[in-house]
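In what follows, a structure is listed as structure tokens, so that the remarks can point back to it.
The values are calculated or read from the model by the stated rules, or taken from the named source; none is laboratory data. Keep in mind that this is a model prediction, so the values were computed, not measured. Cβ atoms come from the backbone with ideal geometry, glycine included; neighbour counts cover every protein chain shown. Keep in mind that these areas ignore ligands, DNA and RNA; they rest on the heavy atoms of the full protein, side chains included. Shrake-Rupley method; radii C 1.70, N 1.55, O 1.52, S 1.80 Å.
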Amino acid sequence: MIWRSWPVPRNEGTAVHRTGGATLCVSIEQAGDGDVLAALVRYAEDDAPGARRAAQLVLPPLDDPAWSRYYSGKADHYELEPGYPDIPVCVRLHEPFRLPPGADLRGWIFSHLEAKLKVSHAIAGTFPLKKPFKTLYGSPDAGVICRFDEADFLASDEPATAALHEDPSLVAHPVRLRNSSSDPVLVEELCIYGEQLSVFGVGRHMQSERLLFVFNSSGVRMSLEGQGALPPGAKLLSRPTVSGEERFIERSFELFKAITRL
Amino acid sequence: MDEANVIAEGSANEAASNGGLLALLPQDGILGRLFTMDAALTAIRVIVAIVLGAVVVGVIVTLIRRVTAKRMDARTSGLIVKVSQYLGLALIAVNALDAAKVNLSGLLGAAGIAGIALGFAAQTSVSNFISGFFLVSEKTFSVGDVITIEGSTGVVYSVDALSIKLRSFDNQLIRIPNETLIKTRVTNITRFPARRLNINLVVTYDTDLDRLRAALMELASANQFVLRKPEPLYMVQRFGDNGVELLFGVWLAKEDWVNGNNSVLADIKRRFEAEGIEFALPARTVHSKAATAPRAKQRAAAKS
């Protein structure tokens with residue numbers, strides 16, 4: 001479990017944290033009377049094919065712009081905290097399907113987290129745990145730029161679900177899909193607003209609140225449907241940055257502006 | 001102190017005690033006729049009207065500014081504030097003239113004539129001002145958008161009653177009158193969240209187009225700036241003079257435009273070099289008649 005406090009690597013060179021396909025490296029160098037914490041993330045897909053991962057980790061010098069540098073003063077520890085990207089995440093389903101009118105379906109999807117590096121409770125940097133790509137959710141004139149992710153729509157008892165729970169770079173989202181329109185809808189991608197979500201952890205499992213996607217004639221909208229079935233002993237690892245009410249008010253005002261063109 | 005001074009001082013004291021300072025002025029002089037008690041009261045009324053009017057108008061304009069700044073874009077807010085300021089000033093002026101007991105009917109007649117003269121003189125300004133309202137209702141752009149007008153491209157820096165100001169990318173301030181914006185074509189480059197980067201390619205005729213398509217699609221999917229959706233566009237446009245002409249379009253988020261542009265073009269060049277795909281250069285096929293010339297020479301030589 002990497003989501004905890006770590007000692008600043010003053011005498012041990014670079015600290016290496018491996019999660020899924022990403023490797024987060026943290027190093028330190030002196031700056032005046034304090035220290036500068038430097039961090040960068042490497043992705044498995046950038047490595048030379050066939051190369052052994054441990055042997056492949058050749059890091060640039062600390063003055064290379066690839067490192068994110070943050071003045072950490074005399075801090076002895078830094079924390080790693082899971083978080084969602086600051087833009088919505090659009091999860092494309094590997095196998096899109098049609099949902100008939102009135103259908104109500106439950107399942108799981110997984111999305112990739114970001115690592116928030118904190119020093120003295122202040123964020124020193126955020127690092128996606130999967131090479132970040134973007135996509136447009138919606139139409140080119142009114143869509144939203146999102147972080148791109150891909151997932152399967154899984155049932156609770158599928159073996160793949162248990163395997164994905166073991167990946168520390170993934171968070172599980174219990175999902176409920178409801179088609180309240182009178183026509184079948186094609187479910188091919190789901191847009192998740194991470195700013196409203198928490199991350200709960202039990203051991204290496206991480207999970208968000210239950211997400212409700214309601215499809216109707218005007219489109220699809222995500223909302224929270226309670227915490228879902230949290231495993232016993234779950235603890236809160238990360239809080240939402242925006243409350244659902246704030247988001248609702250903001251969206252309503254945006255809608256009002258769009259309708260009235262004010 | 002002589003007797004004459006004593007008499008003058010005595011009469012001044014008496015005047016001051018009877019009629020105040022105004023009594024000091026000679027009653028039949030110009031100043032005496034102007035500075036009467038009535039005139040003083042009128043002046044006070046005018047000053048009070050102006051001060052009170054300015055305070056009330058100031059409070060109202062401040063309120064309007066705060067409310068509109070929160071709920072509207074800078075352009076609309078600025079225009080509404082400007083209009084309320086001008087209306088307020090006009091009301092203060094009318095109120096002050098009324099307090100000064102000026103006959104407004106005569107003034108209005110004069111104002112009508114002056115208005116016609118001013119109308120001709122301020123035709124452009126009024127046109128710009130009114131154009132501003134049409135622009136507001138159209139909502140073509142707002143502060144921070146990147147727009148192109150008559151060949152000038154820049155970030156909208158401010159929107160005012162008569163004109164807008166652009167900051168060009170080489171850091172120059174460009175003022176464009178509102179009237180121009182109504183008359184000419186305005187392109188808002190950053191209105192929508194994503195833009196397509198259109199890349200025109202010309203490759204030699206011996207290029208395997210299937211392999212080319214696969215290479216372009218692969219580099220697009222590996223580039224972090226290219227959006228996964230909408231998908232890239234690949235289109236063979238025509239067989240040109242110099243080679244096969246293609247259009248390859250990839251979608252970029254508007255904030256990634258410059259970096260994405262550089263990254264995609266560099267990727268294409270790198271990939272073409274790796275795959276041995278050649279960009280077509282202007283070429284001409286020359287058919288030589290040299291093969292027939294020697295025969296003619298041979299015939300001529302045989303005859304001779």
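With respect to (1) over 25 Å from A:S198 (Cβ atoms); (2) more than 14 Å from every other protein chain (Cβ to nearest Cβ); (3) over 24 Å from the mean Cα position of the chain (by Cα); (4) open to solvent by 70 Å² or more (accessible area, probe 1.4 Å), the lone exception for A:R69 is condition (3). Kindly establish whether A:S156 is touching a Ser or Thr at 6+ places or on another chain (Cβ under 6 Å), small (G, A, S) and either open to solvent by less than 10 Å² (accessible area, probe 1.4 Å) or more than 14 Å from chain B (Cβ to nearest Cβ) (or both). In short, no.
Inside the range B:210-235, residues that are touching a strand residue (DSSP E or B) at 6+ places or on another chain (Cβ under 9 Å), away from every other protein chain (no Cβ under 14 Å) and surrounded by 14 or more Cβ atoms within 10 Å (Cβ to Cβ) make up a count of 5. Restricting the range B:37-88 to residues that are within 14 Å of chain A (Cβ to nearest Cβ) and surrounded by fewer than 17 Cβ atoms within 10 Å (Cβ to Cβ) leaves a set whose member that is farthest from the chain's Cα centre (by Cα) is B:V67. Going through (1) at pLDDT below 85; (2) in contact with a Ser or Thr (Cβ under 9 Å, 6 or more places away or on another chain); (3) open to solvent by 50 Å² or more (accessible area, probe 1.4 Å) one by one, A:E245 falls short only on (2).
Taking the condition of being part of a strand (DSSP E or B) and under 20 Å from the mean Cα position of the chain (by Cα), how many residues in the range A:3-15 meet it?
Residues of the range A:3-15 part of a strand (DSSP E or B): A:5-7, A:15.
Next cut, under 20 Å from the mean Cα position of the chain (by Cα) only: A:5.
Residues in the range A:3-15 being part of a strand (DSSP E or B) and under 20 Å from the mean Cα position of the chain (by Cα): 1 in total.
Among the residues of the range B:96-133, just one is in a helix (DSSP H, G or I), in contact (Cβ under 8 Å) with a residue 12 or more places away in the chain, open to solvent by 80 Å² or more (accessible area, probe 1.4 Å) and more than 18 Å from B:R175 (Cα to Cα), namely B:D98. Looking only at the range A:124-143, filter to residues that are crowded, with 21+ Cβ neighbours inside 10 Å and at the interface with another protein chain (Cβ under 7 Å from one of its Cβ atoms); which one of those is farthest from B:A222 (Cα to Cα)? Out of the qualifying residues, it is A:L136. Restricted to the range B:248-264, and to residues there that are more than 14 Å from every other protein chain (Cβ to nearest Cβ) and surrounded by 14 or more Cβ atoms within 10 Å (Cβ to Cβ), the residue that is farthest from A:I87 (Cα to Cα) is B:F248. For the range A:86-109, the tally of residues that are open to solvent by 10 Å² or more (accessible area, probe 1.4 Å) and either assigned to a loop (DSSP other than H, G, I, E, B) or out of contact with any Pro (no Cβ under 7 Å at 6 or more places or on another chain) (or both) stands at 15. Listed by first and then second residue, the pairs with beta-carbon distance under 9 Å, at least 6 apart or on different chains, first residue in the range B:159-170 and on the phi < 0 side of the Ramachandran plot, second assigned to a loop (DSSP other than H, G, I, E, B) and exposed (fewer than 15 other Cβ atoms within 10 Å of the Cβ), are B:L166/B:Q172.
Against the numbered list (1) open to solvent by less than 50 Å² (accessible area, probe 1.4 Å); (2) within 25 Å of A:F213 (Cα to Cα), A:E81 comes up short only at (2). Kindly indicate the residue of the range A:177-196 that is among the charged types (D, E, K, R) and out of contact with any Asp or Glu (no Cβ under 6 Å at 6 or more places or on another chain) and also surrounded by the most Cβ atoms within 10 Å (Cβ to Cβ) among those meeting that condition. Filtering first and then ranking leaves A:E189. Listed by position, the strands (runs of 3 or more DSSP E) enclosed by the range A:118-209 that each have at least 1 residues that are closer than 19 Å to A:P96 by Cβ and modelled with pLDDT of 85 or more are A:134-137, A:144-151, A:170-179, A:185-192. Considering the range A:1-17, the residues that are more than 19 Å from A:S120 (Cα to Cα) and in contact (Cβ under 8 Å) with a residue 24 or more places away in the chain include one that is surrounded by the fewest Cβ atoms within 10 Å (Cβ to Cβ), namely A:M1.
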